[in-house]
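Take a look at the structure below.
Read-outs throughout are calculated quantities, based only on the coordinates presented, and are distinct from any laboratory measurement. Because the structure is a prediction, the values reported are computed rather than measured. All Cβ positions, glycine included, derive from the backbone under ideal geometry; neighbour counts span all protein chains shown.
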Amino acid sequence: MSTTLGVTVVSSPSAVYKVTYTEEFEGFLRLVAIMSSRHTPRRARSLGKLAAIALTLITPLATTASAQSQLSLTEESSQSVFDALSGQERAALEAGQVMVSAARNGDNGQFTARVLIDAPVEQAWEVLTDYDNFEKFLPNIENSELLESEDNRRVFEQMNVISVVPSVLEINSRVVIESTENYPKVVDFRLVDGDLDALQGIWQLDPVTTDDSGTEQVLVTHQVNIDPGNSSPRGLFFSTYRLVLEDSLLAAKAETEKRAKAVAAE
């Protein structure tokens, strides 16, 4: 028995068709995801209703064996958070990689991702809360707009157009996210409305020093619980979500470091 997958195939400007999801089609999409991640632009790496979520929200993806059972804010000092990571993790982060861990390979929707940014924490905070401009530096986001702002509470909407196979397979999505900002340490977020059943998580920012020069760096940790509901094949959704996390954190790192260099040059 097959079910309808929430994607459309665009074969011409006047022809748009629904795609029926089958096991064979899932296999095809898995192949597309692998091929796209190696041979096509970054926009083609994401599948499903994903890119809008990663920041609610290129180097090889490095994974860890550790799993997160629940979302939690680390109470240790910022430097201790980094020092508590394994030597392999610290080396990968210092090399510019994104580290992604997932409980049971992410099949229950729990992910933790980390990236080390060569910039002061203030610049990283500025980028992660720049809701009106996400489309300018994050992949696949068509539009992002701040809808509400009161005290430390923000509500923003994101619209996305994800090109799975350029000019052939295209996916649209929408989410509305509420975030609570506790400067300069953490941003909590949750889904208010949109194309998912559930989404909640945190961004944690920890200033660290990884060398004797005392260079300002920030360890950004993203923890998220996500449930796509029954409209998407869960295995495919979660495996692809890892790629979305990687792309989004790398894009945030690049934008933060660019802004930090601009400030330093003033």
Inverse of mean 1/r across different Cα pairs in region 198-244, Kirkwood, Å: 13.3 Å
Stretchable slack from LEU147 to ASN172, in nm (0.36 nm times residue separation minus alpha-carbon distance): 7.0 nm
Neighbour-count order for TYR131, TYR183, TYR241, fewest beta carbons within 10 angstrom listed first: TYR183, TYR131, TYR241
Cα-only radius of gyration and Dmax that characterise region 165-266, units Å: 17.2, 51
9 Å beta-carbon shell around GLN158, net charge (K/R +1, D/E -1): -3
Highest to lowest packing among 216-229, 187-200, 80-93, scored as the average C-beta count within 10 Å: 216-229, 187-200, 80-93
Dipole moment magnitude, nearest 20 debye, region 106-255 about Cα centre, only Lys, Arg, Asp, Glu C-beta charged: 500 debye
Backbone HN-Hα couplings from phi across region 239-245 [Karplus 6.51/-1.76/1.60, Hz, Gly and Pro as x]: 5, 6, 4, 4, 5, 5, 4
